[in-house]
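Novice: There's a structure below that I have some questions on.
Just so it is clear, none of the values below were taken in a lab; they were calculated from the coordinates. Small disclaimer: the values here were computed from a predicted structure and weren't measured. Methodologically, a virtual Cβ is constructed for each residue, glycine included, from the backbone with ideal geometry; neighbour enumeration extends over all protein chains shown.
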Amino acid sequence: GSFEHAYQLLTGYFAEVRLVDPDFIFGIQTTSCKDKRFTRCFWCFGPPKQTYKLLRPVVVIDRTFLKGRYRGTLLTAIAINPSNHIFLLAFSITDSETTESGTYFL
């Protein structure tokens, strides 16, 4: 399908994930009530949220740029666990790399 259709399915997909993981957190932001054009979303699975206190006290924010027709930025929050392994905390897809998008993610 199209990118527009895929972004429209995000709310339903996140709701299905919440059925399996009740501690799953997500948020989707659109341009307006009428338009419902995707601008950004955020999600965090339950286990990282619950084990955050066991991780080292440094969180790193990283980004990568998405390619294709609908460009954007994938942001990730990463920490290190006591065994020195990378532990992904949260994710966000934003329309562009701006201060407003970074603030939304944090």
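Novice: Please give the charge dipole size of the chain, origin at the Cα centre, charges +1 on K and R Cβ atoms and -1 on D and E Cβ atoms. Round to the nearest 20 debye.
Specialist: 80 debye
Novice: When log10 I(q)/I(0) by the Debye sum over Cα atoms at q = 0.15, 0.18, 0.19 Å⁻¹ is calculated directly from the model, which label among [x] -0.60, -0.86, -0.96; [y] -0.70, -0.97, -1.05; [z] -0.90, -0.99, -1.02 fits?
Specialist: Here the calculated entry is [y].
Novice: How large is ³J(HN,Hα), in whole Hz, for each residue of region 100-106 in order, when computed from phi with the Karplus curve 6.51 cos²θ - 1.76 cosθ + 1.60 and θ = phi - 60°, using x for Gly and Pro?
Specialist: Computed from phi, the couplings for region 100-106 are 5, 5, x, 5, 4, 5, 6 Hz.
Novice: Still on this structure: Roughly what angle does helix 10-20 make with the longest principal axis of the chain, taking Cα atoms, 0 to 90 degrees, to the nearest 10?
Specialist: 40 degrees
Novice: Taking θ = phi - 60°, what integer Hz values does the Karplus form 6.51 cos²θ - 1.76 cosθ + 1.60 yield along region 76-82, in sequence order, with x for Gly and Pro?
Specialist: Along region 76-82, the couplings run 10, 9, 10, 10, 10, 7, x Hz.
Novice: Given 0.36 nm per residue, what is the gain on full extension from Val20 to Thr51 after removing their alpha carbon distance, in nm? Intermediate values should be presented prior to the final figure.
Specialist: Working: separation 31, 0.36 × 31 = 11.16 nm, distance 1.80 nm.
The span from Val20 to Thr51 would gain 9.4 nm if fully extended.
Novice: Sticking with this one: Using alpha-carbon pairs under 8 Å, 6+ residues apart, how would you state the relative contact order of the chain in percent?
Specialist: Result for the chain is 21 percent.
Novice: At what distance in nm do the modelled label points of Leu106 and Ser2 sit from each other, each positioned 7 Å from its Cα along Cα→Cβ?
Specialist: Taking the simple label geometry, Leu106 and Ser2 are separated by 3.7 nm.
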